[in-house]
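Presented below is the structure to which this report refers.
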Amino acid sequence: MRAAVVNSFGGPEAVEIVDTDVPEPTAREVRIKVAAAALNPCDVAARSGVYGGEGQQIGLGWDVAGTIDAVGEQSGWNVGDNVVALLFGLVKPLGTHAEYVVVPADAVAKAPTTVDSAHAATLPLNTLTALQALDLLELTEGQSLLVTGAAGAVGAYAVQLAARRGLVVTGQAREGDEEFVRSLGAAHVTSGEPKSVDAVLDAAVLGEQALAWVRDGGAYVGLLPPLLPPAERGVRIRAARNSAMRAARSSARSPCTSCAAS
């Protein structure tokens, strides 16, 4: 099969298409025939050497949508199932940018039936990041949440998921994105200084600037652990660390058919 990898760090020219053996699933794994795979900022980081692995072959791609074509023992899945999956790993020899990929069975979910494979492939990394960030905030219905970067890949999903939980969401985005962010369920949209809120999900990585908008004793979750602001005023500071979750076995529904990874 063909796969996209890097063997030396650099820009787009460092990406190579190589021929390699089709991987075989072992126990609690499945193999997916890839229909689509998203391109995320973490792929650019891996290509550039941010995660290390010098001298190794590094496969690109975390998200995948496709059809299971082989299963290991105790996988719980069937050949022919249409699925999405997340292949977690900063440095791995093969990623989802390939014709076939083997992933843990627990990192797989049924593909949504409302969108095509290209859109479905943007779901796993972005939605899991948004979901796990919201869980870390520990907010209850009626509390206020500011989502920075609300029109972005993670931010847009966070707005929708938060609104579904009954949170009062303010989305911070550019003026031209106001209508889009409101369509996601945001009660308020701003391109400037928002009012004080119970919590911030800082998808735009604003750091201390976003922390200043959290009330005393509130909560802040960022996406990049090295760039978290120092704690102050009793605000809980957490970092969202994405991991593949055991997927629900019911059919997934896309939270947003127009959000795609950049």
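The values are calculated or read from the model by the stated rules, or taken from the named source; none is laboratory data. For clarity, every value in this text was computed on a predicted model and none was experimentally measured. We place every Cβ from the backbone using ideal geometry, glycine too, and count neighbours over all the protein chains shown. The accessibility values were calculated without ligands, DNA or RNA, using every heavy atom of the protein model including side chains. Shrake-Rupley method; radii C 1.70, N 1.55, O 1.52, S 1.80 Å.
The dipole here belongs to region 85-207: it is taken about the Cα centre, uses +1 on the Cβ of Lys and Arg and -1 on the Cβ of Asp and Glu, and is about 180 debye. For T67 and R236, FRET efficiency with R0 = 41 Å and r from the beta-carbon atoms, rounded to 0.05? It comes to 0.45.
Take 170-178, 15-23 and order them by the average number of nearby Cβ atoms within 10 Å per residue, most first; the result is 170-178, 15-23. The value of relative contact order for region 56-125, using C-alpha pairs under 8 Å at least six residues apart, is 41 percent. Working ranking of peptides 145-152, 62-69 by packing, defined as the average number of other Cβ atoms within 10 Å per residue, highest first, is 145-152, 62-69.
Computed from point charges on the beta carbon alone (+1 for Lys and Arg, -1 for Asp and Glu), the dipole magnitude for the chain about its Cα centre is near 600 Debye.
Specify whether the C-alpha gyration tensor of region 113-174 places it in the rounded, prolate or oblate class, a ≥ b ≥ c being the square roots of the eigenvalues: rounded for a/c under 1.5, otherwise prolate if a/b is larger than b/c and oblate if not. It comes out prolate by the Cα gyration axes. For the chain, build the charge dipole from Cβ charges (+1 Lys, Arg; -1 Asp, Glu) around the Cα centre, then report which of A187, T122, C42 sits farthest towards its positive end. Selected residue: A187. Among the protein heavy atoms of region 68-153, carbon and sulfur supply 52% of the accessible surface, probe 1.4 Å, non-protein parts ignored. Here is how the number arises for the chain: DSSP H runs of 4 or more residues each give -39500 (n - 2.57), the sum is divided by the residue count, and the result at 222 nm is -5000 deg cm²/dmol. For the chain, the relative contact order works out to 18 percent when only alpha carbon pairs closer than 8 Å and six or more residues apart are counted. Put simply, the Cα atoms of the chain extend 55, 40, 33 Å along their principal axes, the longest span coming first.
Spatially, region 103-133 and region 187-222 are offset by 27 Å when compared through their Cα centroids.
For the chain, a Gaussian network of Cα nodes joined below 10 Å ranks L94, L139, L227 by mean-square fluctuation, and the top entry is L227.
Taking Cα centre as origin and charging only the Cβ of basic (Lys, Arg, +1) and acidic (Asp, Glu, -1) residues, the dipole magnitude of region 154-222 rounds to 280 debye. Fully extending the segment from V22 to E54, taken as 0.36 nm per residue of separation minus the present Cα-Cα distance, adds 9.1 nm.
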